[in-house]
Each structure stands twice: as structure tokens, then as C-alpha cells.
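Colleague: Take this structure, written in C-alpha cells, and hold onto it; I'll ask about it next.
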Amino acid sequence: IHDPDALLLDEPTSGLDLKASFQYLHLIRSLMHAGKTVILVTHHIHEIPPEIGRVVLITEGKVVADGNKSEVLTSKSLSDLFDVPIYLVQANGFYQAMPGTKSVQP
């Protein structure tokens with residue numbers, strides 16, 4: 001209970017301000033570097049730590065994509081998943097979903 005090997009987090013930053021979100025991210029990254037397994041459920045692409053390697057996209061209870069983060073998280077896959085044009089930006093291992101039709105690329 002006090003030192004689990006794995007953590008299951010469901011929308012962990014919901015309701016947090018930016019500072020608290022950054023503190024959460026720092027803590028989770030530290031735990032992952034210490035060998036903890038983290039399973040993260042989120043709609044917020046920006047809260048996925050760079051250390052997360054595998055991503056599963058689910059819609060209406062069905063898996064629509066499962067694999068390496070860089071292969072699964074694409075502008076096209078997220079646009080299809082959320083049924084809205086999304087332009088995905090990546091910097092320093094983090095992803096950010098931007099609204100719009102700016103050259104949606106696979």
C-alpha cells in the first residue's frame with residue numbers, strides 16, 4: 001500500500017491549476033525513473049510524461065490504436081478519435097494538441 005510497484009491514474013490533473021499540474025508531472029516522472037509502472041488515463045495529451053512509451057487510444061469502449069507513443073499519437077489519429085481537426089505539436093518529449101486544420105499529418 002505504501003510503496004506500490006504500479007500506479008493507475010485516472011485524469012490526475014483534473015481540477016488542478018498549472019503549478020499543481022507541473023508538480024504532479026515532476027513527481028510522476030521521478031517515480032517512473034525510480035522504476036514504478038504508471039498507467040495513465042487521460043483526455044489531456046499535454047499531461048503525458050515523455051517516459052510513457054506505450055499509448056492505447058479507446059473510443060466507445062473499443063481500442064482503435066495501440067502501440068509506441070510516437071506511432072500512435074499523431075495529428076491524424078487524434079483528429080479521427082475526437083472527430084475534430086487537431087494539429088499535434090511535440091517539444092522536449094511532450095505533446096500538445098492544437099485546434100485547427102494546419103496540415104494534419106499522419
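Colleague: Have a look at 2, 41, 72 and report the one farthest towards the positive end of the charge dipole of the chain, computed about the Cα centre with Cβ charges (Lys/Arg +1, Asp/Glu -1).
Modeller: 72
Colleague: Local charge sum around residue 42 (other residues, Cβ-Cβ under 11 Å, Lys/Arg +1, Asp/Glu -1)?
Modeller: -3
Colleague: Would you mind putting 73-79, 49-55 in packing order, based on average other-beta-carbon counts within 10 Å, highest first?
Modeller: Result, highest mean first: 73-79, 49-55.
Colleague: Still on this model: Let me know the Kirkwood hydrodynamic radius for the chain, please, with Cα pairs as the basis and the value in Å to one decimal.
Modeller: Over the chain, the inverse of the mean reciprocal pair distance is 14.8 Å.
Colleague: Could you put 98, 32 in order, starting from the residue whose Cβ has the fewest other Cβ atoms within 10 Å?
Modeller: 98, 32
Colleague: Continuing with the same structure: What does the charge add up to near residue 59, with Lys and Arg as +1, Asp and Glu as -1, over the other residues with Cβ less than 13 Å from its Cβ?
Modeller: Net charge in that neighbourhood comes out at -3.
Colleague: Next up: Work through the residues other than residue 22 whose Cβ is under 14 Å from its Cβ and net out their charges, Lys, Arg +1 and Asp, Glu -1.
Modeller: My count for the surroundings of residue 22 gives 0.
Colleague: Continuing with this model, one more query. If I histogram all Cα-Cα distances within segment 67-106 using bins 5 Å wide from 0, what percent of pairs lands in each bin?
Modeller: 6, 28, 36, 21, 8, 1
Throughout, read-outs are computed from the coordinates displayed, never taken from laboratory work. Just so it is clear, the model here is predicted, and its values are computed rather than measured. Glycine also receives a Cβ, built like all others from the backbone with ideal geometry; neighbour counts cover every protein chain displayed.
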